[in-house]
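Read the structure below first, then the notes.
The values are calculated or read from the model by the stated rules, or taken from the named source; none is laboratory data. Just so it is clear, the model here is predicted, and its values are computed rather than measured. Every residue, glycine as well, gets a Cβ built from its backbone with ideal geometry; the counts of neighbours run over all protein chains shown.
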Amino acid sequence: MNRRDFSIHSLGALGLTWAGAASAQGTPAEGQNYVRLASPAPVSVPADKKVDVVEFFWYGCPHCNTLEPMLENWLRRLPPDVSFRRVHVGFAAIHQVHQKLFYALEETGQLAALHKKVFAALHQQGKRLANESEISAFIKDNGGDAAKFMDSYKGFSVNTKAMRARQLSDAYKIDGVPSLGVQGRFYTSASLPGNGSHERMLAVADFLIQRSRQA
């Protein structure tokens, strides 16, 4: 989903494994399958990890919604030295509303329970979650304390996290989602000309993780 016009990219057929993708399309190439940053972006890696991986996404993006189950499967087989985190983009006003929703869910400890339900509300139930009233109703409908949640949504911590997320998106030069950043040095997305599918993007991320570990 491009930040300028949010048009839908054409995605190829899914289902290639990493081995199949590598065999069919060769070793990932810079400029075709991934981008190397001219200036490194900040990384955040716990003491027991080596490689920082970031998913840049937007709740309202149909491609992010499609990626989510594949991403969960991919996360289950990540090596133990890889640190993964999600970063919600804030390109424009509607992105920033959903961005604050994401970080408020994280701040109130409800992200694990409601992350998938936000995607379902937007892409299966036709909800917009475009303002505080709609978000408050969503939280209440899902058994949460809407008043407490909205206090967090409007609070300093969530606003700070949203600001830092926008700074990291800028540092990675992200202009569309979903995208994956690796170790503050590279990013890849399904819309890059050498990829064409979410599976290929994840395969390229595997390659970049290995390359970062060796470096």
One residue from Ala104, Ala165 being within 19 Å of the chain's Cα centre (by Cα), at pLDDT 95 or above and closer than 24 Å to Ala41 by Cα: Ala165
Flag for Arg185 being at pLDDT below 95, more than 13 Å from the chain's Cα centre (by Cα) and either under 18 Å from Leu78 (Cα atoms) or crowded, with 16+ Cβ neighbours inside 10 Å (or both): no
Inter-residue pairs, beta-carbon under 6 Å, first at negative phi and in the range 47-75, second among the aliphatic types (A, V, I, L, M) and assigned to a strand (DSSP E or B), 6+ apart: Val51/Val82; Val53/Val82; Val53/Val182; Val54/Val87; Glu55/Leu180; Phe56/Val87
Verdict on Arg128 being among the basic types (Lys, Arg) and within 30 Å of Ala29 (Cβ to Cβ): no
Residues (under 16 Å from Gly176 (Cα atoms) and not in a helix (DSSP H, G or I)) located in the range 91-123: Phe91, Ala92
Contacts under 9 angstrom Cβ, first residue in the range 94-118 being under 15 Å from Gly60 (Cβ atoms), partner modelled with pLDDT under 95 and outside any helix (DSSP H, G or I), 6 or more apart: His95/Arg3
Sole residue being exposed (fewer than 13 other Cβ atoms within 10 Å of the Cβ) and in a helix (DSSP H, G or I), chosen from Ser133, Ser169: Ser133
Residues of the range 32-46 satisfying the condition of being touching a residue at least 60 places away in the same chain (Cβ under 8 Å) and among the small types (Gly, Ala, Ser): Ser39, Ala41
Subset tally (residues that are within 16 Å of Thr160 (Cα to Cα) and either basic (Lys, Arg) or outside any strand (DSSP E or B) (or both)) for the range 76-90: 3
Residue check for Ala147: part of a helix (DSSP H, G or I), in contact with a Phe, Trp or Tyr (Cβ under 7 Å, 6 or more places away or on another chain) and either among the small types (Gly, Ala, Ser) or exposed (fewer than 13 other Cβ atoms within 10 Å of the Cβ) (or both): no
Subset tally (residues that are surrounded by fewer than 21 Cβ atoms within 10 Å (Cβ to Cβ) and under 15 Å from Gln124 (Cα atoms)) for the range 40-62: 1
Number of positions in the range 172-190 that are closer than 15 Å to Val43 by Cα, in a strand (DSSP E or B) and not aromatic (Phe, Trp, Tyr): 3
Candidate set from the range 188-215 (those that are hydroxyl-bearing (Ser, Thr, Tyr) and touching a Ser or Thr at 6+ places or on another chain (Cβ under 9 Å)); member that is surrounded by the fewest Cβ atoms within 10 Å (Cβ to Cβ): Ser191
Some residue of the range 40-63 being under 16 Å from the mean Cα position of the chain (by Cα), modelled with pLDDT of 95 or more and part of a helix (DSSP H, G or I): yes
Criterion: closer than 22 Å to Pro69 by Cα, crowded, with 20+ Cβ neighbours inside 10 Å and of a type in the set (Phe, Trp, Tyr) - qualifying residue of Tyr103, Tyr153: Tyr103
